[in-house]
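Colleague: Would you mind keeping the following structure in view while I ask a few things?
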Amino acid sequence: MSQTHTLTADDYGVLANADAAADGRCRISPSASPEGREATKAALRHLHRLADEGCLAEIPVPHRPDYPDFALTETGRTALAARTAGSAAD
């Protein structure tokens, strides 16, 4: 994981959601509304940043080239486990 960014509560929420998914993946669905499209773009930027940090891995989806899946990596699992362990110790 890059040392240039500290994971936020939102980051840990994304990682926890991926961890809770049966296949360990995050998915974004396109939205038809203008507000939804902006929210989708923001969510994709967030997932790409977590991929840049090594916490998620981008997985292309042939039938949705603009909306890849993101799988939780070992780095992401380790960060999530450390956070969970730290919260339990508090």
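Colleague: Please go through (1) without any contact (Cβ under 8 Å) to a residue 40 or more places away in the chain; (2) crowded, with 19+ Cβ neighbours inside 10 Å for Glu74 and return the number of the only condition it doesn't satisfy.
Modeller: Among (1) without any contact (Cβ under 8 Å) to a residue 40 or more places away in the chain; (2) crowded, with 19+ Cβ neighbours inside 10 Å, Glu74 violates only (2).
Colleague: Shifting gears a bit: Could you look through the stretch 43-90, keep only residues that are charged (D, E, K, R) and in contact with a Phe, Trp or Tyr (Cβ under 7 Å, 6 or more places away or on another chain), and pick out the one that is farthest from Leu7 (Cα to Cα)?
Modeller: Taking the stretch 43-90 and keeping what is charged (D, E, K, R), we get 45, 49, 52-53, 58, 64, 66, 69, 74, 77, 83, 90.
Filter again for in contact with a Phe, Trp or Tyr (Cβ under 7 Å, 6 or more places away or on another chain), leaving 58, 83.
Values: Glu58: 18, Arg83: 10 Å.
Going through the qualifying residues, I end up with Glu58.
Colleague: List pairs: first in the stretch 31-60 and without any contact (Cβ under 8 Å) to a residue 24 or more places away in the chain and open to solvent by 30 Å² or more (accessible area, probe 1.4 Å), second assigned to a helix (DSSP H, G or I) and hydroxyl-bearing (Ser, Thr, Tyr), Cβ under 9 Å, 6+ apart or cross-chain?
Modeller: Ser31/Thr40
Okay, residues lined up against (1) of a type in the set (A, V, I, L, M); (2) assigned to a helix (DSSP H, G or I):
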| site | (1), (2) |
| --- | --- |
| Asp19 | no, yes |
| Ala32 | yes, no |
| Arg37 | no, yes |
| Arg64 | no, no |
| Thr75 | no, yes |
| Ala79 | yes, yes |
| Ala85 | yes, yes |
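Colleague: Sticking with this structure for a sec: Determine if the stretch 12-19 includes at least one residue that is in contact (Cβ under 8 Å) with a residue 24 or more places away in the chain, open to solvent by 50 Å² or more (accessible area, probe 1.4 Å) and not β-branched (Val, Ile, Thr). Outline the logic, then answer.
Modeller: Applying the first criterion (in contact (Cβ under 8 Å) with a residue 24 or more places away in the chain) to the stretch 12-19 yields 12, 14-16, 18-19.
Narrowing further to those that are open to solvent by 50 Å² or more (accessible area, probe 1.4 Å): 19.
Then drop every residue that is not not β-branched (Val, Ile, Thr), which leaves 19.
Yes, because at least one residue in the stretch 12-19 is in contact (Cβ under 8 Å) with a residue 24 or more places away in the chain, open to solvent by 50 Å² or more (accessible area, probe 1.4 Å) and not β-branched (Val, Ile, Thr).
The values are calculated or read from the model by the stated rules, or taken from the named source; none is laboratory data. For clarity, every value in this text was computed on a predicted model and none was experimentally measured. Positions of Cβ are backbone-derived with ideal geometry, glycine not excepted, and every protein chain shown enters the neighbour counts. Heavy atoms of the whole protein, side chains included, go into the accessibility calculation; ligands, DNA and RNA do not. Shrake-Rupley method; radii C 1.70, N 1.55, O 1.52, S 1.80 Å.
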